[in-house]
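What follows draws every value from the coordinates through simple rules; no lab data is involved. Because the structure is a prediction, the values reported are computed rather than measured. Note that each Cβ is placed from the backbone with ideal geometry, even for glycine, and that neighbours are counted across all protein chains shown.
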Amino acid sequence: MKLKFILLISLATIVIACQSDSDIAVLQEKEPPASISRQDIVLTSAEKQLSEQANIFAFKLLKTVYKDKDGNNTNILLSPLSATLAFSMLNNGAVGTTGEEIRQTLGFGNVSSEAINVYAQKIINAMRALDPQGVFESANSIWIQQNFPVLDAFKQVNQQYYDAEIQNVDFRKPATLKLINDWASEKTHGKIPEILKEIDPLLTRLILCNALYFKGYWKEPFDKKHTFDAQFLTSSGTAQVVPTMKKSFLSNYVKFGNCSAVELPFGNGAFSLVVVLPDEGADMQEITEHIDYEWWKNITDFEKVAIDMHAKNQVYALNLEIPRFKLEYERTLNNDLMVLGMQTPFDKDVADFSLITQDTLFISNVTQKTFARMDEDGMEAAAVTVIAMLGSSNFEYIPIDFKVNRPFLYFLKEKSTGLVFFAGVMNKIT
C-alpha cells in the first residue's frame, strides 16, 4: 500500500456522495490535462510495514470514535497521521510499559524509537515535495514550563528528526495560551485559530503539538457552471438541499462488498481523495465496524481493476455528483486511545517518562482539531494534535468558594510601595 494513503484516510472518512453503478456513462474522448512528473516515495520493506501499521491504527481510531459518536448525523474528521507524529515525539521520552503501550497503540509494536524517528522524518520530508501544484506541510513544537528539568537528549532527538520548535514558557501566564494558539493558527494557515481553550496553570509541565496542512487542486477541476442544488439524504433520513458539484470523466472505480469507491487525484497525482460510498440502504455503523486494513486494500485496489478492465477493452466513465462541504471537527482522544490500549501514559502513578525528566509526568489530555473544505477547485485540510502533560505538586490546594454576591469594598494600590490610590465601597451594581 502506497504511503500517500496514511494522510488520505483521514480525508476519505468524511466525504459523502450520491451515485450508483447505473450512473456510469460513456464519455467522448477529450484532451487529457497536462501532467507534471512525480516520483513515488521509495520505502524499504521495514518502512512499508510501518506504513501498513499506521493505516491499521487509522482504521482502529476511526472505528473507536465512530462507535462513540453522538447521534446519526454526527460528522467525523480525524488525522491519524497528526496523532502518530505527536505521539512519536512523546515516545522518545517514554520508558517501559509506558513506551510499549504508545508504540503498540500506534501499531509500531517492538520497532525501536530510532527506526520510528527515521521513518517519520523520511515520509514527512518526501511528502512536502511530492506535488509542486499543491501544499503539504507539517510542523512540531514542544512547550516546556520554565525551570522544569527536561533532559537535553529528549529535546535534541525531537529537534533532529521532527524539526520541533522548543519553547520555554510560563503556563501560569494567560499570554502562553495565546502563544500556542497563535502557533497552531500560523501552521494551519488560519484554519485552526484555537487549539486550546485553557491550560492548567499549576500542574502543566509539557505540551507537545503537531500541525498538518494540506491544499490540493484537482487534476481535473469541476466546472462551477455545472454546480447545482441537489437533495442529500442524511443518516437519520432527513432530506437536505445542498450545492452539488458535477463532472464526467474517466476514473478509477472499485465495487467491493456493499461499498463502491472512486479516486479523485490532485495535481500530479501524488495525492488523491478516495470517496467511499455505501450502497443504498447499507448501515454506516455496520460498515465502520468491519473496516480494517484488508478492507482498505480491496476498496483501493484500483490498479488491479484497471488491468482487468484493460484486458476486457473497457474503461469506467464516471458521472460524478458530490456535495461541496466545509467541516470543522474537534475531539478529546483520551478515551479512544485508552480503548486502543494506551492506558499507562495517562496514569499519574505509573506513567514513566524518565527519558524526558526524573520528575513525575503523565498525559492529562490529547486534543485534536481538524478542518476540511472541498469545492470545485480542490481540497484544503488541516489538523492540530496537542498532548498536554501534567506533573506533581508539593503543595496541597485548598478550594475556596468566594462569591461576590453582596456589597463589597475595593482598593487599587501600587505594588512596590503598597500605596492605595483608589478605594471604594460597592453597595449596588450600576
Seen from all sides and averaged, what is the projected area of the convex hull of the Cα atoms in segment 224-323, in nm²? 7.9
Within 10 Å of each candidate Cβ there may be at most 12 other Cβ atoms; applying that plus a DSSP loop requirement, which trypsin sites (Lys or Arg not before Pro) in segment 286-351 survive? K312
Kirkwood hydrodynamic radius over Cα pairs of segment 293-367, then Stokes diffusion coefficient at 20 °C and 1.002 mPa s, in µm²/s: 121
Identify all lysines with a Cα-Cα distance to K247 below 22 Å; exclude those on the same chain that are fewer than 8 residues away in sequence. K30, K215, K219, K224, K225, K255, K326
Using Cα-Cα distances under 8 Å and only pairs 6 or more residues apart, what relative contact order does the chain have, in percent? 23
Charges only on Cβ, +1 for Lys and Arg, -1 for Asp and Glu: so what's the dipole of segment 224-323 about the Cα centre, in debye to the nearest 20? 640
More than 15 angstrom separation, counting every C-alpha pair in segment 155-216; what % is that? 56
Cα-based shape type of segment 110-208, given that a ≥ b ≥ c are square roots of the gyration tensor eigenvalues and the cut on a/c is 1.5: oblate
For the chain, what is the calculated [θ] at 222 nm in deg cm²/dmol (nearest 500), taking -39500 (n - 2.57) for each run of four or more DSSP H residues and dividing by its residue count? -9000 deg cm²/dmol
Order of F148, F136 - criterion: other Cβ atoms within 10 Å of each residue's Cβ, fewest first: F148, F136
Which one, P399, T84, A270, projects farthest toward the positive side of the charge dipole computed for the chain from Cβ point charges (K/R +1, D/E -1)? P399
Rounded to the nearest 20 debye, what is the charge dipole size of segment 85-241 about its Cα centre when +1 sits on each Lys and Arg Cβ and -1 on each Asp and Glu Cβ? 200
Prolate/oblate/rounded label for segment 79-153 (Cα gyration tensor, a/c 1.5): oblate
Using only the Cα atoms of segment 251-389, what do you get for the radius of gyration and for Dmax, in Å? 20.8, 67
Going fewest to most other Cβ atoms within 10 Å around each Cβ, V386, V118 line up as V118, V386
Rounded to whole Hz, the Karplus (6.51, -1.76, 1.60) HN-Hα couplings of segment 139-148, x for glycine and proline: 9, 10, 8, 10, 10, 10, 4, 3, 6, 7
Once the dipole of the chain is set up from charges on Cβ (+1 Lys and Arg, -1 Asp and Glu), the residue from the list Q53, S138, M284 lying farthest towards its positive end is S138
By a straight-distance test (C-alpha under 17 Å), which lysines pair with K197 as possible cross-link partners, with residues fewer than eight away in the same chain excluded? K173, K178, K369
With just the Cα atoms defining each centre, how far is segment 342-409 from segment 214-263? Give it in Å. 38
In whole percent, what relative contact order does segment 224-323 give with Cα contacts below 8 Å and a gap of six or more residues? 32
Karplus 3J(HN,Hα) series, Hz, for segment 189-206 with 6.51 cos²θ - 1.76 cosθ + 1.60 (x for Gly, Pro): 6, x, 7, 10, x, 9, 9, 10, 8, 7, 10, 5, x, 8, 10, 5, 10, 8
